[in-house]
Amino acid sequence: MTLVLGTSLQERDAAGLALAADAEVIARACQAVARRFQRGGRLLSFGTGQSAADAAHLAVEFVHPVIVGKPALPAVSLANDASALSGLAHGGVFASQLRLLGRAGDIAVGITIDETGGEVTAGLAAAHELGMMTLALTKTGIDLPVVDHLLVARSRDPRVAREIHMTTYHVLWELVHVFLNDPRLTEECPDEVCVTCSDAAVPVRITALRPGHLALADTPGGEEEISVRLVDARAGDVVLVHAKEAIAVVERRP
């Protein structure tokens, strides 16, 4: 028993030191998430089995920050479905939810300690197709398709990996607020006013519709991809866009 406990503690310590070594990778992910929030994006988290609780925990931290004076940020966990919690879901439970609720400009965070990746892998793939930023928390030994930001718990032990994940996503939500307080975050936009960053709705003309409730629009800054999930729009229509989401049709094509 003493030998097993000592080995587990050594692995835990090694994984914690490896997490510290990944500080720059984590910081870059936090900056990217902050940028998405600043531009009107939402965070959608998901995970199966034990990681379902971590997905819910992460969403709660953003919606109900415990740091005094920090704003609530839009986040929701997709892991409250019973099939997701049990790990028995098949056929793309997260992928289906993301196609229904996600939009270009949002943030998809998949958390898994499952060796196959399973439903989390499918969800991340669907999020990528929608134009969402993808971020994954995994453990050693799990191969996922390419994601925008991969944060790996350097342990094969699922118990150690879960502890490292908890530390990682607490750093994630706290550091996101640090970046949101940095005025340079808004200065990175090269245009004086753009569809992505503007606080006001901007009228744009749709030039073409794309799969996944997306469309190309002719904007003052050039052609951009927007979401038309909330409106019944056609090519040639003029729509009002806020944070890359069409919110109303103001002129029908001739």
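Against the list (1) over 15 Å from Arg103 (Cβ atoms); (2) open to solvent by less than 60 Å² (accessible area, probe 1.4 Å), the condition Leu214 fails is (1). Reported count of residues in the stretch 90-119, each being assigned to a loop (DSSP other than H, G, I, E, B) and more than 22 Å from Gln50 (Cβ to Cβ), is 5.
Filter the stretch 73-89 for residues that are modelled with pLDDT of 90 or more and assigned to a loop (DSSP other than H, G, I, E, B) and give the result.
Just the residues of the stretch 73-89 that are modelled with pLDDT of 90 or more, to begin with: 73-78.
If the condition is that a residue be modelled with pLDDT of 90 or more and assigned to a loop (DSSP other than H, G, I, E, B), then Leu73, Pro74, Leu78 are the ones that fit.
Got at least one residue in the stretch 16-37 being in contact with a Pro (Cβ under 9 Å, 6 or more places away or on another chain) and either at pLDDT 90 or above or outside any helix (DSSP H, G or I) (or both)?
First pass over the stretch 16-37, keeping only residues in contact with a Pro (Cβ under 9 Å, 6 or more places away or on another chain): 37.
Adding the requirement that they be either at pLDDT 90 or above or outside any helix (DSSP H, G or I) (or both) leaves 37.
Yes, the stretch 16-37 contains a residue that is in contact with a Pro (Cβ under 9 Å, 6 or more places away or on another chain) and either at pLDDT 90 or above or outside any helix (DSSP H, G or I) (or both).
Could you tell me whether Ala59 is under 22 Å from Gly105 (Cβ atoms), free of Cβ contacts under 8 Å to residues at least 60 places away in the same chain and assigned to a helix (DSSP H, G or I)? So Ala59 passes the test. Against the list (1) more than 18 Å from Asn181 (Cβ to Cβ); (2) modelled with pLDDT of 90 or more; (3) open to solvent by less than 20 Å² (accessible area, probe 1.4 Å), the condition His57 fails is (3).
Could you grab me the full set of residues in the stretch 217-231 that are touching a strand residue (DSSP E or B) at 6+ places or on another chain (Cβ under 7 Å), over 21 Å from Ser96 (Cβ atoms) and open to solvent by 70 Å² or more (accessible area, probe 1.4 Å)? Quick ask: steps written out before the conclusion?
If we filter the stretch 217-231 for residues that are touching a strand residue (DSSP E or B) at 6+ places or on another chain (Cβ under 7 Å), which is where we start, we get 217-219, 223-228, 230-231.
Filter again for over 21 Å from Ser96 (Cβ atoms), leaving 217-219, 223-226, 231.
Across the stretch 217-231, the qualifying residues are Asp218, Glu223.
The residue that is nearest to Leu151 (Cα to Cα), counting only those in the stretch 38-54 that are in a helix (DSSP H, G or I) and open to solvent by 10 Å² or more (accessible area, probe 1.4 Å), is Ala53.
For the stretch 120-136, a residue qualifies if it is in a helix (DSSP H, G or I) and open to solvent by 10 Å² or more (accessible area, probe 1.4 Å), and the qualifying residues are Thr121, Ala122, Ala125, His128, Glu129. Taken over the stretch 237-254, residues that are open to solvent by less than 20 Å² (accessible area, probe 1.4 Å) and either modelled with pLDDT under 85 or not in a strand (DSSP E or B) (or both) amount to 5. Only residues that are within 22 Å of Asn80 (Cβ to Cβ) and open to solvent by less than 10 Å² (accessible area, probe 1.4 Å) were counted in the stretch 104-119, giving 8.
Of the strands (runs of 3 or more DSSP E) lying entirely inside the stretch 181-233, those containing at least 3 residues that are of a type in the set (A, V, I, L, M) and modelled with pLDDT of 85 or more span 202-210, 214-219.
The values are calculated or read from the model by the stated rules, or taken from the named source; none is laboratory data. Because the structure is predicted, anything quoted here is derived from the model rather than measured. Glycine gets a Cβ as well: all are built from the backbone with ideal geometry, and neighbour counts include every protein chain shown. With ligands, DNA and RNA removed, areas are computed over all heavy atoms of the protein, side chains included. Shrake-Rupley method; radii C 1.70, N 1.55, O 1.52, S 1.80 Å.
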